[in-house]
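A.B. asks: Let me give you the structure first, and then I'll get to my questions.
Just so it is clear, none of the values below were taken in a lab; they were calculated from the coordinates. Predicted model, so just to flag it, every value in this text is computed and none were measured. Every residue, glycine among them, receives a Cβ derived from its backbone with ideal geometry; neighbour counts consider all protein chains shown.
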Amino acid sequence: MIESLMATYNRLPVTFTHGEGVWLWDTTGKRYLDALAGIAVCGLGHAHPAVQEAICTQAAQLIHTSNLYGIAEQERLGALLTERAGMERVFFANSGAEANEAALKLARLYAHRRGVENPAILVMEGSFHGRTLATLSATGNRKVQAGFEPLVQGFVRVPYDDIEAIEIAATNRPNIVAILVEPIQGEGGIRIPAPEYLPRLRTLCDQEGWLLICDEIQTGMGRSGQWFAHEHAHIKPDVMTLAKALGNGVPIGACLARGAAAEVFTPGSHGSTFGGNPLACRVGRAVMETTAAAGLVANAAQQGEFLLNAFRSALAQRQGVVAIRGRGLMLGIELNRPCGELVGLALEAGLLINVTAERVIRLLPPLILAQPEAEQLVQKLSHLIDGFLGTTRA
Ligand SMILES: *Cc1c(COP(=O)(O)O)cnc(C)c1O
């Protein structure tokens with residue numbers, strides 16, 4: 001009974017029973033095109049055979065032992081991930097917020113080891129980093145923070161995609177030790193920074209001895225059309241966090257590091273009971289291997305390009321459409337009015353979408369999206385947006 005659940009979510013009036021690929025079915029048998037993939041989680045879509053196989057095989061063998069012992073599957077996934085990302089070491093957690101907690105603790109420990117007593121981390125307006133106390137304090141959205149004061153200290157906030165603001169903040173504060181940034185802001189409205197932004201952050205971090213921490217929880221694992229979105233900028237962070245698509249729905253998070261950052265944690269400095277257990281890591285490995293073998297990163301780039309162009313030709317001239325932007329299968333259509341209502345209208349029409357930052361329709365379809373499904377998505381959604389704009393006012 002829903003009354004037994006804490007009222008943390010505004011749920012839509014639908015319950016799904018099963019899925020396959022980009023499709024979901026509800027309790028009445030109605031079929032939906034899933035253009036949200038469980039909020040960028042199910043990159044391989046629903047009921048993927050490789051994920052099923054990984055879960056079943058591993059569950060029959062070993063689910064959990066704890067980090068008191070060696071875990072072969074954790075080592076295997078760790079090797080795959082660090083190699084793919086060009087990083088050196090990884091800590092496994094169970095969610096995005098936990099991966100970011102690890103990164104924040106790592107940055108603080110890095111600072112203290114260098115004699116910075118009261119370290120501060122630069123964070124961005126419009127960012128989202130999670131719902132734990134430290135990650136909601138890092139998040140640049142008052143709604144996420146309101147009522148949970150006192151917030152965790154040690155964050156300095158600046159506007160996103162604004163290098164000068166960082167330079168000014170830095171001149172007044174000798175205690176800055178790191179920058180935490182999403183390469184593309186997801187919850188913030190699919191905001192893609194200028195091409196020089198990440199390279200300039202990298203240069204600044206190198207000059208100042210700060211850690212560049214990329215939150216790739218939403219952008220990573222191929223979604224942007226590269227394995228990791230920072231690759232578009234030809235830079236490497238010192239620390240990178242992952243979660244969402246890494247387990248295709250099986251909870252797993254990861255905090256990767258290289259260089260000095262990779263040597264910060266020592267026995268006792270951080271830990272997790274479940275983190276990196278054989279089941280989650282076996283599935284993470286299946287996700288990585290399948291993503292690579294099926295060419296899904298290239299598919300995300302290609303289908304993303306198709307969607308961007310198709311939505312632009314269908315909607316760009318339409319009064320009320322402010323911007324259509326995207327990279328890979330991470331797309332935002334910004335309207336000149338709040339459009340949360342569209343989520344329910346789309347649901348009725350058999351389409352799952354999301355609206356974020358009040359006015360931005362956000363699409364995060366599975367990376368397995370094929371051309372006919374992409375065409376259906378454009379056709380259905382363009383029609384809905386057209387109708388919505390025609391019957392509402394800015
Ligand atoms: C979803 C998300 C998080 C939080 O992940 P959880 O698994 O919900 O804790 C953090 N950062 C970004 C960029 C996200 O999109």
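A.B. asks: Between P195, P183, P267, which gets the highest mean-square fluctuation from a Gaussian network model of the chain, Cα cutoff 10 Å?
C.D. replies: Highest fluctuation among the options: P267.
A.B. asks: OK, next. Cut-off 10 angstrom, C-alpha nodes, Gaussian network model of the chain. Which of A72, A97, A346 fluctuates the most?
C.D. replies: A72
A.B. asks: Next up: Do any trypsin sites (Lys or Arg not before Pro) in the stretch 60-115 lie in a loop, going by DSSP, with at most 12 other beta-carbon atoms within 10 Å of their beta carbon, and if so which? Working shown, then result.
C.D. replies: Working: sites: R76, R84, R89, K105, R108, R113, R114; in loops: R114.
Sites meeting the loop and neighbour criteria: R114.
A.B. asks: For the stretch 193-244, restrict the atom set to alpha-carbon positions and state the Rg and Dmax in Å.
C.D. replies: 10.9, 32
A.B. asks: Here's something else I'd like to know. Which chymotrypsin sites (Phe, Trp or Tyr not before Pro) in the stretch 7-93 sit in a loop by DSSP (not H, G, I, E or B) and have at most 16 other Cβ atoms within 10 Å of their own Cβ? Display every interim value, and only then the final one.
C.D. replies: Details: sites: Y9, F16, W23, W25, Y32, Y69, F91, F92; in loops: Y9, Y69.
Those that pass, being in a loop and sparsely packed, are Y9, Y69.
A.B. asks: Taking the Cα centre as origin and putting +1 on Lys and Arg beta-carbons and -1 on Asp and Glu beta-carbons, what dipole magnitude results for the stretch 80-124, to the nearest 20 debye? Before the final figure, lay out the partial values.
C.D. replies: Numbers: 6 positive and 5 negative charges, 28 e Å.
Charge dipole of the stretch 80-124: 140 debye, to the nearest 20.
A.B. asks: Using the alpha-carbon centroid of each, what span in Å lies between the stretch 72-103 and the stretch 285-311?
C.D. replies: 22
A.B. asks: Among H230, S269, A286, flag the residue with its Cα farthest along the positive direction of the charge dipole of the stretch 198-305, charges on Cβ as +1 for Lys/Arg and -1 for Asp/Glu.
C.D. replies: A286
A.B. asks: As an exercise, find the ratio Rg/Rh for the chain from alpha-carbon atoms, using the Kirkwood inverse-distance average for Rh. Please report the intermediate quantities before stating the final value.
C.D. replies: On the way: Rg = 20.9 Å, Rh = 21.7 Å.
Rounded to two decimals, Rg/Rh equals 0.96.
A.B. asks: Moving on to the next point. Please name which of C42, I163, G340 has its Cα lying farthest along the dipole of the chain towards the positive end, using unit charges on Cβ (Lys, Arg +1; Asp, Glu -1) and the Cα centre as origin.
C.D. replies: Farthest along the dipole direction, towards plus: G340.
A.B. asks: Taking N as the number of residues in the stretch 263-394, what value does Rg over Cα atoms divided by 2.2 N^0.38 Å take?
C.D. replies: On the way: Rg = 19.1 Å, N = 132, 2.2 N^0.38 = 14.1 Å.
Normalised Cα radius of gyration, the stretch 263-394: 1.36.
A.B. asks: Quick check for me: using +1 on Lys/Arg Cβ and -1 on Asp/Glu Cβ, what's the dipole size of the stretch 260-381 about its Cα centre, in debye to the nearest 20?
C.D. replies: Working: 10 positive and 9 negative charges, 34 e Å.
Around 160 debye, computed over the stretch 260-381.
A.B. asks: Indicate, rounded to the nearest 5 percent, the antiparallel portion of the DSSP beta bridges found entirely in the chain. Please list the in-between numbers first.
C.D. replies: Values: 30 of 46 bridges.
Here the antiparallel bridges make up roughly 65 percent for the chain.
A.B. asks: Sticking with this one: What are the GluC sites (Glu not before Pro) within the stretch 185-257 that DSSP puts in a loop, where the Cβ has at most 15 other Cβ atoms within 10 Å?
C.D. replies: Working: sites: E187, E196, E208, E216, E231; in loops: E187, E196, E216.
Listed in order of number, the matching sites are E196.
A.B. asks: A further question on this structure: Normalised by the number of residues in the chain, what is the relative contact order in percent for Cα pairs under 8 Å and 6+ residues apart?
C.D. replies: Values: 781 pairs, mean separation 87.3, N = 394.
The normalised contact order for the chain reaches 22 percent.
A.B. asks: Count charges around G140 for me, please; just the other residues with Cβ under 9 Å from its Cβ, Lys/Arg as +1, Asp/Glu as -1. Write down the numbers at each step before the final one.
C.D. replies: Numbers: positive: R142, R157; negative: E125.
Every neighbour counted, the sum reads +1.
A.B. asks: Among K380, K236, K30, whose mean-square fluctuation peaks in a Gaussian network model of the chain (Cα, cutoff 10 Å)?
C.D. replies: K30
A.B. asks: Where does the chain land at 222 nm, in deg cm²/dmol rounded to the nearest 500, when only DSSP H runs of n ≥ 4 count, each adding -39500 (n - 2.57), divided by all residues? Provide the component values of the computation, followed by the final result.
C.D. replies: Numbers: 12 runs with 146 residues, N = 394.
That comes out to -11500 deg cm²/dmol.
A.B. asks: Here's something else I'd like to know. Can you tell me which of 140-152, 122-134, 268-280 comes out highest on packing, and rank the rest after it, using the mean Cβ neighbours within 10 Å?
C.D. replies: Numbers: 140-152: 11.8, 122-134: 21.6, 268-280: 18.0.
So the peptides 140-152, 122-134, 268-280, ranked by packing, come out 122-134, 268-280, 140-152.
A.B. asks: A 24 angstrom limit on the alpha carbon distance is what I want to check against. Which of K30/K244; K143/K380; K30/K380 exceed it?
C.D. replies: Values: K30/K244 26 Å; K143/K380 31 Å; K30/K380 16 Å.
Correct reply: K30/K244; K143/K380.
A.B. asks: Another one. May I ask which residue of Q153, I213, G21 lies farthest towards the positive end of the charge dipole of the chain, with charges of +1 (Lys, Arg) and -1 (Asp, Glu) on Cβ and the Cα centre as origin?
C.D. replies: Value computed over the given set: Q153.
A.B. asks: Dipole magnitude of the chain about its Cα centre, charges +1 at Lys/Arg Cβ and -1 at Asp/Glu Cβ only, in debye to the nearest 20? It would help to have the intermediate numbers written out before the result.
C.D. replies: On the way: 33 positive and 37 negative charges, 56 e Å.
Result for the chain is approximately 260 debye, rounded to the nearest 20.
A.B. asks: For D162 and T65 in one chain, what is 0.36 nm times their gap in residues minus the Cα-Cα distance, to one decimal in nm?
C.D. replies: 30.3 nm
A.B. asks: Report the normalised scattering of the stretch 53-207 as log10 I(q)/I(0) at q = 0.09, 0.11, 0.13 Å⁻¹, calculated by the Debye formula with identical scatterers on the alpha carbons.
C.D. replies: Each listed q corresponds, in turn, to -0.38, -0.55, -0.74.
A.B. asks: Give the distance, in whole Å, between the Cα centre of the stretch 317-389 and the Cα centre of the stretch 109-126.
C.D. replies: So the separation of the two Cα centres works out to 38 Å.
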